[in-house]
Structure formats: structure tokens, C-alpha cells
Amino acid sequence: MKGRHFFKAAVLTPLLAAALSGCTVRGAPSFVIAGSYFPGWMFCAVIGIIAAIAVRIGFVASGLANVLPFQLFVCSAIGLCFGLLAWLLWFGQ
């Protein structure tokens, strides 16, 4: 039984250390605006929302909205892609 406990500790400790390796000392990406810290993901989310709204306006203006099924999911997916792309370009390594 004692060997089994040692095995669990020997396996779980490196796994836990690997899972927590993303938590570094430098902190989360944030910006100081008017004395307050705003997280970087919030700016990327705003970029994605603006892109989704722009795409929706483009679909309506071009007439594609009449033939495109699942418009909410399409516009949400495009907004998500733009938000993640902004995150990757802005904070990626």
C-alpha cells in the first residue's frame, strides 16, 4: 500500500506542476486605462463583437442574409475567429 501511495505522488506531482506552468509571475496581460487595469481578453472580445456586427451588416447589405442558414452561429463563429486572431497577434509568442 505504501508503494502505491508513492507511485501516485510520483505521477501526480509532475502532472500538477505541468498544469500550473502557465501561471507565471509576470501576471495576465492587462492595460492601464484611467488608472484601472483592464484584461487583454476583454479588448479581444470587443474586437470579436465588433467584427461579428460588421459581418452581419455586410450580410444584410449584400443580400446574403436571405439565403444563409444559421446566421447567429455563422456571425458568432466569425466574431470568435476575429477575437482569437486578435489575441494571437497581440499576445502570442
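Structural remarks
- Restricted to segment 51-64, and to residues there that are out of contact with any Gly (no Cβ under 9 Å at 6 or more places or on another chain) and farther than 26 Å from Trp41 by Cβ, the residue that is surrounded by the most Cβ atoms within 10 Å (Cβ to Cβ) is Phe59.
- Within segment 10-40, being surrounded by 10 or more Cβ atoms within 10 Å (Cβ to Cβ), in a loop (DSSP other than H, G, I, E, B) and at pLDDT 70 or above holds for one residue alone: Pro29.
- Inside segment 82-93, residues that are surrounded by 13 or more Cβ atoms within 10 Å (Cβ to Cβ) and either small (Gly, Ala, Ser) or out of contact with any helix residue (DSSP H, G or I) (no Cβ under 8 Å at 6 or more places or on another chain) (or both) make up a count of 3.
- Here Val60 clears all of (1) under 25 Å from Phe31 (Cβ atoms); (2) out of contact with any helix residue (DSSP H, G or I) (no Cβ under 8 Å at 6 or more places or on another chain) except the condition numbered (1).
The values are calculated or read from the model by the stated rules, or taken from the named source; none is laboratory data. Computed from a prediction, not measured in an experiment: that's the story for all the values here. Note: ideal-geometry Cβ built from the backbone for every residue, glycine included; neighbour counts use all protein chains shown.
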